[in-house]
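> Quick one: the structure is below, and I'll ask about it shortly.
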Amino acid sequence: MLLALPLLATACALDPDADHDGPDAPAAAPLAAPPRVAWVLGSGGPRGFVHVGVIKALEELALRPDAIVGASAGAVVGALYAGGVRAAEIEALALSLQPWSLLRLSFGAGERLNGRALAGMIRDRVRVRLLERLRTPMVCVAQRLADGAVAGFTRGDVGIAVQASAAIEGRFTPVRIRGQRYADADLRMPLPVRVARALGASRVLAVDASAHEDRAPPGAEEYRAMDLRKRELTRPDAALADLLLHPDFGYWAGMSRAYRQRVIEAGYRATMAVADRARRLHMA
């Protein structure tokens, strides 16, 4: 532990609540053109590895979206793919990633951790700084904490937009953008199909990365109650999707390599099982 202290010290954020208010600060604006087909990748914490398997299958089927809309884990995976990172590379990253490497200690904030390193990793991988310059239009969905309003960032710094979308309230320092604090939209809109529709998407393939609450084992009652609350938040958006994927890979979440492999494989299999429907959705 003592040997790790110098490393942790260099990884601290002395001003975790700095305001991003420059010309490249993330902004919610209409897309250049309404997307014909949008992929919506929901929030889900470690369950969000399922998005990697879904994208792997869709790439294998030679299907591409006109826009990707992602929340939290969905924003992370979606931004990488929108930036031109191939599915195989995303999978390799997902399996090798050490989660602590994307966290930084925060001094002077209520939360102990922040996601600045995540923002840097996204920029490094996509090699493009701005959302509007990504290969595929990308929308990073976050919640404005002042009033709970949901914002879909379509322009500005891709790293900051992803960081804001993945800043789990109460765990990671929210991201201040033009004076307003933003965090994960999981408590408002975990599956942001309505954001995709509002941006003009004609057809939507949505990936629900939440738990299957009906599979909760004995002893999981407290977690199941939270799952049921999330299901109520997910329901109106799920109803608006043209094709909804909700892969089942077991109830309990984790971070082991074996868990990640199982989740990715479940996403891949669930997508391949509806390959014909996915093709029709993209080609109609």
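The values are calculated or read from the model by the stated rules, or taken from the named source; none is laboratory data. Computed from a predicted structure; not experimentally measured. Note that we place each Cβ from the backbone using ideal geometry, even for glycine, and neighbour counts take in every protein chain shown. Areas reflect the complete protein model, heavy atoms only, side chains present, ligands, DNA and RNA absent. Shrake-Rupley method; radii C 1.70, N 1.55, O 1.52, S 1.80 Å.
> Kindly identify region 189-284 as rounded, prolate or oblate by the Cα gyration tensor criterion: order the square roots of the eigenvalues as a ≥ b ≥ c, call it rounded if a/c is under 1.5, otherwise compare a/b with b/c, prolate if a/b is larger, else oblate.
It is oblate, given that a/c is not under 1.5 and a/b is not larger than b/c.
> So for region 46-193, what percent of the C-alpha to C-alpha distances run longer than 18 Å?
53 percent
> Would you mind counting up the charge near PHE49? Only other residues with Cβ under 12 Å from its Cβ, with Lys and Arg at +1 and Asp and Glu at -1.
Combined, the nearby Lys, Arg, Asp and Glu give +3.
> Once a ≥ b ≥ c are taken as the square roots of the eigenvalues of the Cα gyration tensor of region 126-188, is the result rounded (a/c under 1.5), prolate (a/b larger than b/c) or oblate (a/b not larger than b/c)?
Here region 126-188 falls in the prolate category.
> Now a separate question. Suppose we keep just the alpha-carbon trace of region 39-83; what are its Rg and Dmax in angstrom?
9.6, 27
> May I pose another question? Could you give the accessible area per residue of region 118-216, probe 1.4 Å, as a whole number in Å²?
So region 118-216 comes to 38 Å² accessible per residue, rounded to a whole number.
> Suppose only helical runs count, i.e. DSSP H with n ≥ 4. What mean residue ellipticity at 222 nm does that imply for the chain under -39500 (n - 2.57) per run, divided by all residues and rounded to the nearest 500 deg cm²/dmol?
Theoretical 222 nm ellipticity from helices: -11000 deg cm²/dmol.
> Let me ask another. Taking the Cα centre as origin and putting +1 on Lys and Arg beta-carbons and -1 on Asp and Glu beta-carbons, what dipole magnitude results for the chain, to the nearest 20 debye?
With only Lys, Arg, Asp and Glu charged at Cβ, the dipole is about 520 debye.
> Over the alpha carbons of the chain, what is the largest minus smallest coordinate on each principal axis, giving the biggest first in Å?
Cα spread of the chain along its principal axes, largest to smallest: 53, 48, 36 Å.
> Cα-based Rg (one decimal) and Dmax (whole number) for region 184-229, in Å?
For region 184-229, the Cα radius of gyration and maximum Cα-Cα distance read 14.0, 43 Å.
> Net charge around ILE90, counting only other residues with Cβ within less than 11 Å of its Cβ (Lys, Arg = +1; Asp, Glu = -1)?
Its environment carries a net charge of 0.
> Still on this model: I want the local charge near SER202. Using Cβ-Cβ distances under 11 Å, sum +1 for each Lys or Arg and -1 for each Asp or Glu among the other residues.
Within the 11 Å Cβ shell, the charges total +1.
> Moving to a separate point now. Tell me the carbon and sulfur percent of the accessible area for region 92-240, rounded to whole percent, probe radius 1.4 Å.
50 percent
> What does the extension gain come out to for ALA273 and HIS212, with contour length at 0.36 nm per residue minus their alpha carbon separation?
Length gained, ALA273 through HIS212: 20.1 nm.
> Classify region 129-274 from the C-alpha gyration tensor, please: rounded if a/c falls under 1.5, else prolate or oblate depending on whether a/b exceeds b/c.
In terms of gyration-tensor shape, prolate.
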